[in-house]
Amino acid sequence: MYFQHLLLQIFHKFGGERSVSAGFHLLKGKRSGQTIQDVGNFNLHAFFGLTPKLSKEKYLDQAEQLVGKGYATYKDEQFFILTNAGREKANGSKMMQFNGWYYRGNEHIFFKRLSLVIQSLSYSVQEVKSFAPIQKNEDIQLWVKHYLVKNNYKSNAFIQTIRDEISDSLKGLPVEESSLNLLLYRLTGFNTPGWTWEQLAREQESTLLDVQLAFLEVLHAWLDALYKGPKYYLSQLAEGIRIEQLLTESAQKTANLFHQGYTLEQISAIRRLKGSTIEDHLVEMAMSLQEFPLEQFVAQQDVEAIVYAVQQMNSKKLKVLRDSMPELSYFQIRLILAAKGVM
Amino acid sequence: MANLEQLLEQHFGYSTFRPGQKEVIEAIIEKRDVVALLPTGMGKSLCYQLPGYVFNRPVLIISPLLSLMQDQVEQLKRFGEKRVIALNSFLQMSEKRNVLQHLGQYRFIFTSPEMLKNSQVQAAFRQAQFALVVVDEAHCISQWGFDFRPDYLKITDWMDAVNRPPILALSATATEAVVKDIKAYLHMSQPFEYIHSVDRVNLHYDVVQLEKPIEKAPWILAHVLKTHGPGIVYTQSRKKTAIYTERLLSNGIRAAAYHAGMEAEDRQFIQQQFLAGQLEWICATNAFGMGVHKDNVRQIIHDHIPSTVANYMQEVGRAGRDGQDALSILLYVQKDEDMTKFIITEDIPQERHVEQYLEYTGREENPAVMLDMHQISETGFRVLSYWMQRLAPQEVQQKLVDIRLSKVSQVDEMKTMVTAQKCIREQLLHYFGQSLNEKPNQCCHYCGIEYGVILKEREHLETLGYMPSWGERLSVLLPNI
Ligand SMILES: Nc1ncnc2c1ncn2[C@@H]1O[C@H](COP(=O)(O)OP(=O)(O)OP(=O)(O)O)[C@@H](O)[C@H]1O
Ligand SMILES: [Mg+2]
Ligand SMILES: [Zn+2]
């Protein structure tokens, strides 16, 4: 059910202009020009790369179920669109708190640190010196060791403060209580073993996929909250988790040259890449970088005109927009859509 | 030299040696090669752990499984040992180099047969002047062992033939043929042998014959509802672990599945829950067992014929480590052995694989392409390429036939033990070339067995369902002090 809600929200945003596969690529976090552009055009940052291991079969099966329930339908084989019932359902449900674009799997590193910290504290409180660490990765182990020593982990103040920080910050999150339970039951400690996904799914009468997604949602919401309103000990665990480097590697190289003042033609020559590739990079930059100088490429009134056209025609199809503003190039329209993704 | 009992007390907190430990340790101190066969859970590790505190050179331990290695490192750390390291493929290059340059600073160094192929590792090891080289689970060496590991045959290649440290080979389950292989492959010279009786007097063996496979699950359920755990149901497929678990859970029994396909964290949670007494039953593939130290397991149920008698011994050996009575039940339906045979021979290369291999090498292509083309399994390729590099193709064909026959006949031995109208205990001992002195009461299904005498009735436990809220759980994990 949870996953189907997720699909409804995604395809609501796609507005009937993408195929069923576009949602799959988005959830897998495919790093192709098309998917990255979709993220910007349809403002789908939240959902990028949420389920990197999802199989296509499973995905299609869920999409099929939406069709079966009358929430969605295929149009001309190419498009997957929500029905009225589907749109109502999507509008009626609570906005999910994902933020895939900025975490990209790093949220699990945050959780691994947390789980080893909690386990260590839980044993240390009971004065049990040694235990089998739940996280086997040596990088995580080293990181946590430093963290604990640095923060004087044996002091009562530390344990009490971190517990209060956890409790306070979780209380404020806009997620279900049952999802917070998932988070705490994936932690383990002295005489308090964690629960497996199977056990949690069974307990909550849910599926593996759904409990794992609900867990992910908590992590994203929590990390967002910790970045907005830092907590002394918890925020340290979130260090380096949010991705600051938002561009693909190649786009970053183009960006560097662009910032040094080279023109698109020069960059294309220097990098020995096709002009259209450099344009793709610019679109990616327009989408990801807040300070992208859109005005260098299009006049302000054209930007407004496109924004207006999108609203009027309720479409982001390039062809439709181009026909309405023939004096703009496809590249310019793409830049506008990317930069103004939030519409 | 320090008194051994003192060292035992000082470093491990035990007051007495278990049978065999002292004899083995004394032989090691005299720099003799040693083969020690001690039943599962008897404390083989101590046989090299304690000498670590006698010598002032490091002890090298070669261990077949990463998880096992991890477990042993953690065990030593729990005893307060800091100078211990696992040298395996998980270590980063720079760390590896660093460790290799400072081998002397460690007391215990664990490594895998695969690592020993590396020439840098070999060179560093030759310099290291180990006090002792330990081969754990040494039955893996034998080509008749349960899992063919060619790398295991070469683990002593780096050693100087004359001027080398003594070798200690440890195993719980080695037949005479396997011991012979161990001694030969490790080039041991007149080793001291400590062979403990494989008999576990507190284990009682039952065989239950059923008519049809579908009767197994209901039988298990009915049995589990009546009798006291904790116990393990061993089955052959991941899917079956899920089916049994579901059945037990929906009848109010605290059960969980365990297999190698689960996430590492989930597997640990299951182990922790089992150790903490929160689970009554685990339905597992043979991935469950090694490194799980739970003393009070009361029952083992097999729903199939294990692939060898040695494997059967390993698995039932999980029960009754506390010395209290424990029951092992094997459910048998005619022709069950066929399934086992199918599973264990599936990976053995066939005639056509030898031909394909030759085609590739004939075209000067890397035969590993067979893997990419999914023409052969990984295990299969390992076996094939090992022998292709050593024998003529004709001989390889023969070798593969031999391996197949040997595996099949090991299954038949297991099956015979189950179906023969004979005492299981006697047969087990006979298999390991030993003989039985005294039969305990409730010996086996042939000698007569009554569950009521061995097992207590099941106590009703609350099902796992109740889930305190996240806030409560947080204060359990981090209580006020
Ligand atoms: N002398 C002793 N006194 C008390 N406990 C001991 C002694 N020696 C070992 N033990 C304990 O017995 C348990 C089993 O030991 P160990 O893991 O070495 O068994 P093992 O023979 O290697 O078993 P396996 O065949 O499963 O590998 C451990 O918990 C160990 O600490
Ligand atoms: Mg052992
Ligand atoms: Zn008997």
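A few remarks follow.
- Hey, B:Leu50 at pLDDT below 95, open to solvent by less than 10 Å² (accessible area, probe 1.4 Å), assigned by TED's automatic domain parsing to the domain that holds B:Val135 and more than 16 Å from ligand 3 (Cβ to nearest atom) or not: no
- Listed by first and then second residue, the pairs linking a residue in segment B:158-183 that is outside the structural domain of B:Val35 (by TED's automatic domain parsing) and of a type in the set (Lys, Arg) to a residue that is in a loop (DSSP other than H, G, I, E, B) and surrounded by fewer than 22 Cβ atoms within 10 Å (Cβ to Cβ), with Cβ atoms under 7 Å apart and 6 or more places separating them unless they lie on different chains, form an empty list.
- Entry remark, segment B:26-44: residues being open to solvent by less than 60 Å² (accessible area, probe 1.4 Å) and in contact with a Pro (Cβ under 6 Å, 6 or more places away or on another chain) number 4 in total.
- Subset of segment A:10-21 [crowded, with 21+ Cβ neighbours inside 10 Å and either closer than 22 Å to A:Gly105 by Cα or touching a Pro at 6+ places or on another chain (Cβ under 9 Å) (or both)]: A:Ile10
- With respect to (1) acidic (Asp, Glu); (2) surrounded by 20 or more Cβ atoms within 10 Å (Cβ to Cβ); (3) not assigned by TED's automatic domain parsing to the domain that holds A:Ser124, the lone exception for A:Glu244 is condition (2).
- Hey, A:Trp222 aromatic (Phe, Trp, Tyr), more than 8 Å from chain B (Cβ to nearest Cβ) and out of contact with any Cys (no Cβ under 9 Å at 6 or more places or on another chain) or not: yes
- Scanning segment B:97-111 for residues being of a type outside the set (Phe, Trp, Tyr) and either within 11 Å of chain A (Cβ to nearest Cβ) or touching a Leu at 6+ places or on another chain (Cβ under 7 Å) (or both) gives a total of 3.
- Taken together, the residues in segment A:173-191 that are closer than 15 Å to A:Leu114 by Cβ and of a type in the set (Ser, Thr, Tyr) amount to 2.
- Test for A:Val175: is it more than 10 Å from every other protein chain (Cβ to nearest Cβ) and either surrounded by fewer than 18 Cβ atoms within 10 Å (Cβ to Cβ) or within 24 Å of the chain's Cα centre (by Cα) (or both): yes
- Qualifying residues in segment A:196-210 (those that are within 12 Å of chain B (Cβ to nearest Cβ) and touching a Ser or Thr at 6+ places or on another chain (Cβ under 9 Å)) - the one farthest from A:Glu165 (Cα to Cα): A:Glu198
- In summary, helices (runs of 4 or more DSSP H) completely within segment B:386-481 and bearing 1 or more residues that are surrounded by 12 or more Cβ atoms within 10 Å (Cβ to Cβ) and within 14 Å of chain A (Cβ to nearest Cβ) occur at B:470-477.
- For the residues A:Leu247, A:Leu257, the requirement of being farther than 30 Å from A:Trp143 by Cα and hydrophobic (A, V, I, L, M, F, W, C) singles out A:Leu257.
- Counting only helices (runs of 4 or more DSSP H) wholly contained in segment A:249-343, the ones carrying 1 or more residues that are in contact with a Phe, Trp or Tyr (Cβ under 7 Å, 6 or more places away or on another chain) occupy A:264-271, A:275-288, A:318-324, A:330-339.
- Residues that are open to solvent by 10 Å² or more (accessible area, probe 1.4 Å) and of a type outside the set (S, T, N, Q), drawn from segment A:178-192: A:Phe190
- Conditions (1) at the interface with chain B (Cβ under 8 Å from one of its Cβ atoms); (2) exposed (fewer than 14 other Cβ atoms within 10 Å of the Cβ); (3) part of a loop (DSSP other than H, G, I, E, B); number of the one not met by A:Gln160: (3)
- Taking segment B:174-250 and the helices (runs of 4 or more DSSP H) fully enclosed by it, the elements with 2 or more residues that are more than 14 Å from every other protein chain (Cβ to nearest Cβ) and more than 22 Å from B:Cys283 (Cα to Cα) are at B:176-185.
- Filter result for B:Ala177 (within 22 Å of B:Lys117 (Cβ to Cβ) and exposed (fewer than 15 other Cβ atoms within 10 Å of the Cβ)): no
- Residue that is more than 15 Å from ligand 1 (Cβ to nearest atom), modelled with pLDDT under 90 and buried (at least 19 other Cβ atoms within 10 Å of the Cβ), where the choices are B:Ser89, B:Ser94, B:Ser112: B:Ser112
- Condition broken by B:His293, with the remaining ones in (1) without any contact (Cβ under 8 Å) to a residue 60 or more places away in the chain; (2) surrounded by fewer than 19 Cβ atoms within 10 Å (Cβ to Cβ) satisfied: (1)
- Among the residues listed as B:Ala172, B:Ala217, B:Ala222, the single one being among the hydrophobic types (A, V, I, L, M, F, W, C) and open to solvent by 40 Å² or more (accessible area, probe 1.4 Å): B:Ala222
- In the set (1) in contact (Cβ under 8 Å) with a residue 12 or more places away in the chain; (2) in a helix (DSSP H, G or I); (3) in the same structural domain as A:Leu27 (by TED's automatic domain parsing), the condition left unmet by A:Glu88 is number (1).
- Checked against the criterion of being more than 14 Å from every other protein chain (Cβ to nearest Cβ) and within 16 Å of ligand 2 (Cβ to nearest atom), segment B:321-334 contains one or more residues that satisfy it.
- Any hit, segment A:260-267, residues being surrounded by 13 or more Cβ atoms within 10 Å (Cβ to Cβ) and touching a residue at least 24 places away in the same chain (Cβ under 8 Å): no
- Single residue of segment B:40-64 satisfying the filter (under 20 Å from B:Gly80 (Cβ atoms) and within 13 Å of ligand 1 (Cβ to nearest atom)) that is farthest from the other protein chains (Cβ to nearest Cβ): B:Cys47
- Segment B:316-335: number of residues that are in contact (Cβ under 8 Å) with a residue 60 or more places away in the chain, charged (D, E, K, R) and surrounded by fewer than 22 Cβ atoms within 10 Å (Cβ to Cβ): 2
Yes/no per residue for (1) touching a helix residue (DSSP H, G or I) at 6+ places or on another chain (Cβ under 9 Å); (2) surrounded by fewer than 16 Cβ atoms within 10 Å (Cβ to Cβ); (3) assigned by TED's automatic domain parsing to the domain that holds B:Met313; (4) of a type in the set (Lys, Arg):
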position	(1), (2), (3), (4)
B:Pro213	yes, yes, yes, no
B:Pro230	yes, no, yes, no
B:Gln236	yes, no, yes, no
B:Ala242	yes, yes, yes, no
B:Arg247	yes, no, yes, yes
B:Ser250	no, yes, yes, no
B:His259	yes, no, yes, no
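- Filter pass, A:Phe190 being away from chain B (no Cβ under 12 Å) and more than 25 Å from the chain's Cα centre (by Cα): no
The values are calculated or read from the model by the stated rules, or taken from the named source; none is laboratory data. This structure is a prediction, so every number in the text was calculated from the model and none was measured. Cβ sites come from the backbone with ideal geometry, for glycine too, and all protein chains shown count toward neighbours. All accessible areas refer to the heavy atoms of the entire protein, side chains included, with ligands and DNA or RNA removed. Shrake-Rupley method; radii C 1.70, N 1.55, O 1.52, S 1.80 Å.
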